[in-house]
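Written out below as structure tokens is the structure these notes cover.
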Amino acid sequence: RALGGTLALEVRDGALIGIDLADVIGTASGFLQSRGRQTGALDENKRTPFSQLSATVRIKDGIAANEDLKAKTPQFDTAGSGRMDLVSTELDYSLRAQVLTGPAIDAGPLRSLGGVTVPVKIFGPAAKPSYAVDWAPIAAEMLLRRAAGRSGSPSVNQLLEGLGGLLQRKK
């Protein structure tokens, strides 16, 4: 409980162990349609390879906190923040994976999400953490993009129609 200090990380060519962000986000279409919540357990056999990762961790009274994680992959620019109680090993962390646009995703399932930031919550005991993605706000963002189309801002009627459909399905 009395542990304190600061840790700085800078890693090149590594992997986040336990989650394959490309797989989780690549399965978005079904969850976007249902405006549902996607959950699962982290699996040490899954990985998200990155070319760069940096973070600073501040430890005070046995609580490790990070506000500046940054990771780069061919498909995502990822930021993260959260905390872990080093005594109870409870983890409460948020990743925000912005889907990049360009050749790395143009031919794959991430194509329609280019430019969207997907929040992934990681939580639970460090020995068996879980993840969750709430797709409802992302579906709303996609709806606004589609309503805006290429002509600029969406019309009030387009927004009301789209939001009405979103609210009806969220019962």
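The values are calculated or read from the model by the stated rules, or taken from the named source; none is laboratory data. Note that the structure is predicted; figures quoted are calculated from it, not measured. Note that each Cβ is placed from the backbone with ideal geometry, even for glycine, and that neighbours are counted across all protein chains shown. For accessibility, only protein heavy atoms count, side chains too; no ligands or nucleic acids. Shrake-Rupley method; radii C 1.70, N 1.55, O 1.52, S 1.80 Å.
Determine if the stretch 51-74 includes at least one residue that is in contact (Cβ under 8 Å) with a residue 40 or more places away in the chain and closer than 15 Å to residue 118 by Cα. Within the stretch 51-74, one or more residues are in contact (Cβ under 8 Å) with a residue 40 or more places away in the chain and closer than 15 Å to residue 118 by Cα.
Residues in the stretch 123-136 that are within 12 Å of the chain's Cα centre (by Cα) and open to solvent by 20 Å² or more (accessible area, probe 1.4 Å): 131, 134. Could you list all residues from the stretch 46-83 that are among the polar types (S, T, N, Q) and at pLDDT 95 or above? Answer for the stretch 46-83, where residues must be among the polar types (S, T, N, Q) and at pLDDT 95 or above: 51, 52, 54, 56, 66, 78, 81. Evaluate the following for residue 31: is it of a type in the set (Phe, Trp, Tyr), open to solvent by less than 70 Å² (accessible area, probe 1.4 Å), at pLDDT below 90 and touching a strand residue (DSSP E or B) at 6+ places or on another chain (Cβ under 9 Å)? Spelling it out, residue 31 is indeed of a type in the set (Phe, Trp, Tyr), open to solvent by less than 70 Å² (accessible area, probe 1.4 Å), at pLDDT below 90 and touching a strand residue (DSSP E or B) at 6+ places or on another chain (Cβ under 9 Å).
Evaluate the following for residue 16: is it at pLDDT below 95 and under 14 Å from the mean Cα position of the chain (by Cα)? Criteria met by residue 16.
In the stretch 84-100, of all residues being surrounded by 17 or more Cβ atoms within 10 Å (Cβ to Cβ) and out of contact with any helix residue (DSSP H, G or I) (no Cβ under 8 Å at 6 or more places or on another chain), the one that is modelled with the lowest pLDDT corresponds to 100.
Okay, residues lined up against (1) touching a helix residue (DSSP H, G or I) at 6+ places or on another chain (Cβ under 9 Å); (2) assigned to a strand (DSSP E or B); (3) more than 18 Å from residue 130 (Cα to Cα):
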{"site": "3", "(1), (2), (3)": "no, no, yes"}
{"site": "7", "(1), (2), (3)": "no, yes, yes"}
{"site": "11", "(1), (2), (3)": "no, yes, yes"}
{"site": "23", "(1), (2), (3)": "no, no, no"}
{"site": "40", "(1), (2), (3)": "yes, yes, no"}
{"site": "45", "(1), (2), (3)": "no, yes, no"}
{"site": "50", "(1), (2), (3)": "no, yes, yes"}
{"site": "54", "(1), (2), (3)": "no, yes, yes"}
{"site": "69", "(1), (2), (3)": "no, yes, yes"}
